[in-house]
Amino acid sequence: MKNIITITILTISLGLTSCNKWLDVKPEDKFIEEEVFKTPQGFHDALNGIYLSISGDNLYGRMLNLETLDLLAQTYYISGSHDKKRQLLNSFNYGDKDVKAQLDGIWTNLYVNITNINRFLENLDTYGHVLDTQTKGLMEGEALTARAYLYLDILRMFAPAFSVNKEAQTIPYYTNTTYKAAPFFKSTEVMANILADLKKSSELLLKYDPVLNMGRVDQTFGEVQLGSKPFLQFRNYHFNYFAAKGLEARANLWAGNKQDALKAVEAVIAAKSKFPWIQASDLSALSQINRVFSMELLLAFESPRLYKNYDELFSPALEDRNILSAGTTSRFINVVYENWENDFRYASNWRSNGGKSYPVFLKYADIPSDNNRNFRYTVPGMRISEMYLIASECEPDQAKALVYLNELRKNRNCDILANSTGLLDNIKKEYRKEFYGEGQLWYYYKRNDNRTINGATTTNKSVAVENYTFPIPQSETDPR
């Protein structure tokens, strides 16, 4: 598996006592940290532990990207015979105890990982002298970008959209490990902290990230180039420089800072040769088909249970009441892809299969006949295509904006648009096509305060403004 090492040593312990009588005693977790971080390998293992954790089923390996957010975005057909929790989630019933428990779990797991990142950064500051300058700077840059990534998603889920209320005091923000509950910050304050992390991380990664010298980010260095640093390979499975700039663009667009978003996204598009578009030849042989378009990924998560999750969510072997699909006919999926089955995203990811008379979702199906392909177990975190969509939305010159959008359409085997009429509507259509099974469509709808969603279950689904904001767990809102 790609530079991700299963470890038993990274357990972030917060068992420090606050009683004065214990202050002269060396705490056990302090002793463990001194042992762990005596060598560079301890830092590599700790950072890999963070990557493993955020790629797990309870976050980006399944819960967020494959399932929950796309259920909310109405991309899956949910009938009365489906699991009750899916029905309730699909209807935005956040008051149900099972739905509430699921959303509370997302909150908890994101904050646990932020705590892990904060502890890692503290240890990097305390024990980082055992690392060479490049490794220390690179690790700090990756950790800061990871923290910004998680905070932005908490903000996008648990706070109102900026277009609705950007001054709401919404979520606590922690930059260090502590027992004290942080106050609830305004969305604008959280965003300022996110962008500050990204400014610092971009500066570090610009200086130390080898991704800038790679021809293609999805390819690996040879042994000679890596020397004694094999952890430098597979940069698109790390929070690399281009992921940091892409995240800066994503965050600024969320905050309504279109000029800053465009500036950040242009830095990525200037290096577009590092993220070559998928070609028809990459999709022609089913035994080695690259359905996730891995060469286009600025950031990816490696999910060890991806194919088990596929079997539980999307496999055509599932009964109709258990499968997540676009419906029991091809009606909705044809609407999404505008009746153009030669769109690479339609042709590679949707097919009547396994006895089903309707198209099933194949993006995360395995290709067992070709186990050496690097893109196996991959869940997308950020794509070059999103950069073009952000650029098209933020570019004030409509002619240039159309060029950005047509670059994506052309490389998805779609006709280019003749003019910019209905540009924003066409951008929305591309979000629907592009991010199936990746969770980003829900954020698009929320950012633009879409009150009606055309979905797989019902033709027009009404969305109240409060449906776009997950409830804060009661454990956080009780007296603190």
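Only the coordinates and a few stated rules stand behind these numbers; no lab work does. Everything quoted here is computed from the prediction, not taken from an experiment. Ideal geometry is used to build each Cβ from the backbone, glycine not excepted, and the neighbour counts take in all protein chains shown.
What percentage of all Cα-Cα pairs in region 276-414 are separated by more than 23 Å?
Numbers: 3937 of 9591 pairs.
For region 276-414, the fraction of Cα-Cα distances above 23 Å is 41 percent.
Roughly how big is the chain's charge dipole about its Cα centre, with Cβ charges of +1 (Lys, Arg) and -1 (Asp, Glu), in debye to the nearest 20? Working shown, then result.
On the way: 55 positive and 56 negative charges, 130 e Å.
Dipole of the chain, to the nearest 20 debye: 620 debye.
Picking from MET295, SER315, ALA326, whose Cα lies most toward the positive end of the charge dipole for region 286-405 (charges on Cβ: Lys, Arg +1; Asp, Glu -1)?
Toward the positive end, the furthest listed residue is SER315.
For region 260-337, what is the charge dipole size about the Cα centre, in debye to the nearest 20, if Lys and Arg each add +1 at the Cβ and Asp and Glu each add -1 at the Cβ? It would help to have the intermediate numbers written out before the result.
Working: 8 positive and 9 negative charges, 21 e Å.
Its charge dipole is roughly 100 debye.
So for THR135, THR378, THR68, fewest C-beta neighbours within 10 Å to most, what's the order? Can you show the working numbers first?
On the way: THR135 18, THR378 25, THR68 21.
With the sparsest Cβ surroundings first, the list reads THR135, THR68, THR378.
Past 32 Å, Cα to Cα: identify those pairs from LYS166/LYS363; LYS263/LYS410; LYS85/LYS308; LYS166/LYS274, in the order given.
Working: LYS166/LYS363 35 Å; LYS263/LYS410 23 Å; LYS85/LYS308 20 Å; LYS166/LYS274 35 Å.
Pairs exceeding 32 Å: LYS166/LYS363; LYS166/LYS274.
On a 20 Å Cα-Cα criterion, which of the cross-link pairs LYS186/LYS446; LYS258/LYS461; LYS97/LYS186; LYS136/LYS199 come out too long? Provide the component values of the computation, followed by the final result.
Working: LYS186/LYS446 18 Å; LYS258/LYS461 29 Å; LYS97/LYS186 28 Å; LYS136/LYS199 17 Å.
Over 20 Å Cα-Cα: LYS258/LYS461; LYS97/LYS186.
Can you tell me how region 108-177 classifies by the Cα gyration tensor, rounded, prolate or oblate, using a/c under 1.5 as the rounded cut?
On the way: a/c = 3.34, a/b = 2.47, b/c = 1.35.
Taking the square roots of the gyration eigenvalues as a ≥ b ≥ c, region 108-177 is prolate.
Over the Cα atoms of the chain, Rg to Rh with Kirkwood Rh, two decimal places?
On the way: Rg = 22.2 Å, Rh = 23.3 Å.
My calculation puts Rg/Rh at 0.95.
When a/c is below 1.5 the answer is rounded, else prolate if a/b is larger than b/c, else oblate, so apply that to region 337-480 with a ≥ b ≥ c taken from the square roots of the Cα gyration tensor eigenvalues. Before the final figure, lay out the partial values.
Numbers: a/c = 1.60, a/b = 1.10, b/c = 1.45.
In terms of gyration-tensor shape, oblate.
Helix 241-254: angle to the longest alpha-carbon principal axis of the chain, degrees 0 to 90, nearest 10?
Value to nearest ten degrees: 70.
Just to check I understand the Karplus step: with θ = phi - 60° and J = 6.51 cos²θ - 1.76 cosθ + 1.60, what whole-Hz values come out for region 144-149, glycine and proline as x?
Going residue by residue, I get 5, 5, 4, 4, 5, 4 Hz, with x marking Gly and Pro.
State the Kirkwood hydrodynamic radius of region 230-314 in Å, one decimal place, computed from all pairs of distinct Cα atoms.
Values: mean 1/r = 0.0666 Å⁻¹.
One over the average 1/r among Cα pairs gives 15.0 Å for region 230-314.
My understanding is that a pair violates if its Cα-Cα distance is over 28 Å; which of LYS356/LYS429; LYS100/LYS429; LYS200/LYS400; LYS207/LYS272 do that in this structure? List each step's numbers first, then the result.
Working: LYS356/LYS429 26 Å; LYS100/LYS429 31 Å; LYS200/LYS400 30 Å; LYS207/LYS272 19 Å.
Beyond 28 Å between Cα atoms: LYS100/LYS429; LYS200/LYS400.
Taking a cut-off of 16 Å, what percent of all Cα-Cα pairs in region 125-247 are separated by more than that?
Considering region 125-247, 66 percent of its Cα-Cα pairs are separated by more than 16 Å.
Can you give me the Rg/Rh ratio for region 276-352, using Cα atoms for both radii and the Kirkwood formula for Rh? Before the final figure, lay out each step's value.
Numbers: Rg = 14.0 Å, Rh = 14.3 Å.
Radius of gyration relative to Kirkwood radius: 0.98.
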